[in-house]
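The values are calculated or read from the model by the stated rules, or taken from the named source; none is laboratory data. Predicted model only: the values in this text are computed from it and were never measured. Counting neighbours? That spans all protein chains shown, and the Cβs are built from the backbone with ideal geometry, glycine included.
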Amino acid sequence: MKRIAIIGGGISGLSAAYYLEEQRRQGAALEYILFESSPRLGGSLLTQHADGCLIEAGPDSFLTEKPWAAELCHELGIAGQLIGSNDADRKTYILVKGRLVPIPDGLMFMVPTKILPVVISPLFSLRAKFRMAQEWFHPPRPAGTDETVAALVERHYGPEMVDRLADPLLSGVYGGEASGLSVRAVLPRFAEMEAKHGSLGRGMLAARKRMASSKAPARPLFTSLKDGMEQLVEAILGRLPREALRTGTTVREIRRESPRTRAPAPQDDSWSVMWDNGGAEKFDAVILATPAPMAGALLAPVQAELGAELSGIAYSSSVTVTLGYERAGLRLPPGFGFLVPRSEGKRMLACTFVHNKFPHRAPNDRALIRCFLGGARDEEILGWSDQQIEAAVRKELREILWLTAQPLFCRVYKWTGAMAQYGVGHLERLERIERLRQQLPGLALAGNGYRGIGVPDCVRSGKDAAAQAAGLQAAVTAVTPAKNLLPQQPAR
Ligand SMILES: Cc1cc2nc3c(=O)[nH]c(=O)nc-3n(C[C@H](O)[C@H](O)[C@H](O)COP(=O)(O)OP(=O)(O)OC[C@H]3O[C@@H](n4cnc5c(N)ncnc54)[C@H](O)[C@@H]3O)c2cc1C
């Protein structure tokens with residue numbers, strides 16, 4: 001009987017547990033234990049309710065384009081609960097000099113593909129529009145070494161595009177800055193388009209033509225679950241035996257026992273897992289599904305170089321604030337919400353009009369507003385009290401939306417070190433990690449620190465890790481950049 005430890009009970013670890021459970025039910029000779037330090041499972045998937053409204057403390061949806069989370073929902077029998085975003089109302093604004101300016105039609109993740117809407121939009125200065133026109137003639141550039149997203153975007157469109165679009169779009173996804181994130185890890189398609197077409201605009205149009213000719217039916221950009229993202233957690237938990245779940249248990253140390261120290265010599269190496277109250281157990285395989293720095297800390301005594309590589313993956317923190325209002329008398333703009341460039345000098349990074357973005361989130365007479373703060377440049381806010389954060393958010397909502405009404409409720413959620421930042425050289429780091437991991441039989445890694453931060457990527461990472469740990473297939477996480485590693489939230 002193969003024994004597998006899963007450390008971390010967020011969506012990555014839970015997905016690993018689900019796929020192991022499926023193998024077990026189909027007759028595979030394995031058992032597993034999932035260790036989670038918090039009393040609850042689900043990690044940053046947390047759904048709560050207030051005054052008839054559904055509040056997402058963490059992710060509110062996932063990109064429809066990435067199939068793994070929806071596939072899991074089908075397998076769990078909750079596909080009927082999947083809902084799409086109200087794309088007919090999709091409109092996102094950027095705060096420019098204190099005013100909300102709609103992102104013009106035809107901008108595909110900051111790449112202009114239609115001339116007129118961009119030319120007449122007040123979002124960009126004349127100088128930036130001139131750069132966009134010139135970009136059309138950008139010569140192909142051979143794919144070289146990695147660089148920041150800011151460097152690539154600035155080369156094509158100038159600094160204003162970095163400030164007004166690249167930074168706000170990426171801070172909404174990674175809580176990071178365009179100047180700190182790797183283009184090859186975060187926007188590999190941009191690097192490919194530049195190498196092939198030169199101009200990103202021409203590259204994007206070619207991609208759009210291919211998509212149009214595929215005749216696939218139009219799907220909503222975002223998918224969620226009717227009763228909230230935690231419904232996915234509950235459906236997984238419904239399939240797992242209770243005795244396999246050890247909540248409130250922090251793993252403090254893992255040790256690898258080499259065959260030489262064991263008699264009689266086993267076929268495989270084994271692992272000891274030790275947790276906080278002095279408990280310890282032996283396993284044949286370990287899936288580390290924690291944020292990468294925690295995986296690094298646990299692995300450092302086992303393999304120092306691997307520990308250091310994992311600990312080198314940076315994370316930022318995030319704060320979400322959800323406020324509910326009486327809808328009557330409120331004058332909010334239509335659309336999904338707005339993004340705030342750093343140059344506007346606000347604490348808020350983004351704001352979603354939840355009642356417009358998804359059905360089933362708020363009764364008709366309520367407005368639900370969710371704001372994002374924190375990120376790589378504002379770790380300080382984690383030290384603020386909930387009251388201070390609420391006051392700061394309400395002040396900025398007053399300045400931006402003239403929203404002076406008293407909220408019916410306000411909920412603040414702090415997510416410390418939850419968002420992985422794929423820095424320049426991330427893919428090369430992953431290659432080194434994979435090489436070192438392969439030297440430790442029975443070790444698998446899952447989580448948002450590696451090949452995608454979104455919920456679907458985490459589900460896929462858990463599934464791959466389960467297959468690796470169970471020895472069902474060779475290293476599934478091959479070291480090639482995922483083609484569809486696009487940010488999951490182009491518009492909050
Ligand atoms: C505010 C916010 C909004 C987001 N919005 C979206 C979105 O809209 N769409 C989207 O696709 N993605 C979104 N994301 C990203 C996505 O939700 C996360 O990347 C994903 O949920 C991470 O899952 P995980 O299981 O890898 O990690 P986590 O959820 O962080 O889970 C890791 C778990 O490991 C446990 N752990 C750590 N150390 C130990 C230890 N030593 N022993 C035992 N347990 C341990 C932790 O307690 C935690 O529960 C968002 C993230 C945040 C924070």
Open item on the list: Checking the structure you have, find out if any residue of region 16-29 is surrounded by fewer than 16 Cβ atoms within 10 Å (Cβ to Cβ), of a type outside the set (Gly, Ala, Ser) and in contact with a Gly (Cβ under 6 Å, 6 or more places away or on another chain).
Closed with: no
Task: Lone unmet requirement of (1) closer than 14 Å to Ile4 by Cβ; (2) modelled with pLDDT of 95 or more; (3) in a loop (DSSP other than H, G, I, E, B) for Trp271 - done: (3)
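Output the residues belonging to region 329-365 that are among the charged types (D, E, K, R) and farther than 20 Å from Leu225 by Cα.
Looking only at region 329-365, we keep the residues that are among the charged types (D, E, K, R), and these are 331, 342, 344, 346-347, 357, 361, 365.
Within region 329-365, Arg331, Arg342, Glu344, Lys346, Arg347, Asp365 qualify.
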Task: Scope region 122-139; condition in contact with an Asp or Glu (Cβ under 9 Å, 6 or more places away or on another chain) and either of a type outside the set (D, E, K, R) or under 30 Å from Lys395 (Cβ atoms) (or both); matching residues - done: Phe124, Ser125, Ala128, His138
Open item on the list: Can you tell me which condition Lys357 does not meet? The list is (1) basic (Lys, Arg); (2) within 16 Å of the ligand (Cβ to nearest atom); (3) without any contact (Cβ under 8 Å) to a residue 60 or more places away in the chain, and all the others hold.
Closed with: (3)
Open item on the list: Could you go through region 386-404 and let me know if any residue there is crowded, with 18+ Cβ neighbours inside 10 Å, within 16 Å of the ligand (Cβ to nearest atom), within 28 Å of Leu330 (Cα to Cα) and at pLDDT 95 or above.
Closed with: yes
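Would you be able to say whether some residue in region 25-34 is more than 24 Å from the chain's Cα centre (by Cα), of a type in the set (Val, Ile, Thr) and within 15 Å of the ligand (Cβ to nearest atom)? Walk me through how you get there before you give the answer.
We begin by selecting, within region 25-34, every residue more than 24 Å from the chain's Cα centre (by Cα); these are 25-33.
Restricting the remaining residues to those that are of a type in the set (Val, Ile, Thr) gives 33.
Restricting the remaining residues to those that are within 15 Å of the ligand (Cβ to nearest atom) gives 33.
Among the residues of region 25-34, at least one is more than 24 Å from the chain's Cα centre (by Cα), of a type in the set (Val, Ile, Thr) and within 15 Å of the ligand (Cβ to nearest atom), which makes the answer yes.
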Task: Count of region 426-456 residues which are under 23 Å from the mean Cα position of the chain (by Cα), under 17 Å from Leu299 (Cβ atoms) and either of a type outside the set (Asp, Glu) or buried (at least 24 other Cβ atoms within 10 Å of the Cβ) (or both) - done: 10
Open item on the list: For Asp105, only one of the following conditions fails: (1) within 26 Å of the chain's Cα centre (by Cα); (2) surrounded by fewer than 18 Cβ atoms within 10 Å (Cβ to Cβ); (3) outside any loop (DSSP other than H, G, I, E, B). What is its number?
Closed with: (3)
Task: The lone exception for Gly144 - which of (1) surrounded by 14 or more Cβ atoms within 10 Å (Cβ to Cβ); (2) away from the ligand (no atom under 16 Å from the Cβ); (3) in a loop (DSSP other than H, G, I, E, B) it fails - done: (1)
Task: Pairs with Cβ under 6 Å, 6+ apart, first in region 423-446 and over 27 Å from Arg3 (Cα atoms), second among the hydroxyl-bearing types (Ser, Thr, Tyr) and buried (at least 16 other Cβ atoms within 10 Å of the Cβ) - done: Gly423/Ser182; Val424/Thr148; Val424/Ser182; His426/Ser182
TODO: Filter region 1-16 down to residues that are in contact (Cβ under 8 Å) with a residue 60 or more places away in the chain and over 20 Å from the mean Cα position of the chain (by Cα) and give me whichever is farthest from the ligand (Cβ to nearest atom).
DONE: Lys2
TODO: Output the number of residues of region 323-344 satisfying the condition of being farther than 18 Å from Ser171 by Cα and either without any contact (Cβ under 8 Å) to a residue 40 or more places away in the chain or surrounded by 22 or more Cβ atoms within 10 Å (Cβ to Cβ) (or both).
DONE: 4
Open item on the list: With under 26 Å from the mean Cα position of the chain (by Cα), within 14 Å of the ligand (Cβ to nearest atom) and at pLDDT 95 or above as the only criterion, which of Gly312, Gly296 stands out?
Closed with: Gly296
Open item on the list: Out of Thr113, Thr47, Thr148, Thr64, I need the residue that is more than 24 Å from Pro188 (Cβ to Cβ), among the hydroxyl-bearing types (Ser, Thr, Tyr) and out of contact with any His (no Cβ under 9 Å at 6 or more places or on another chain). Which one?
Closed with: Thr47
Task: Counted residues, region 221-259 - those being within 13 Å of the ligand (Cβ to nearest atom), in a strand (DSSP E or B) and not β-branched (Val, Ile, Thr) - done: 7
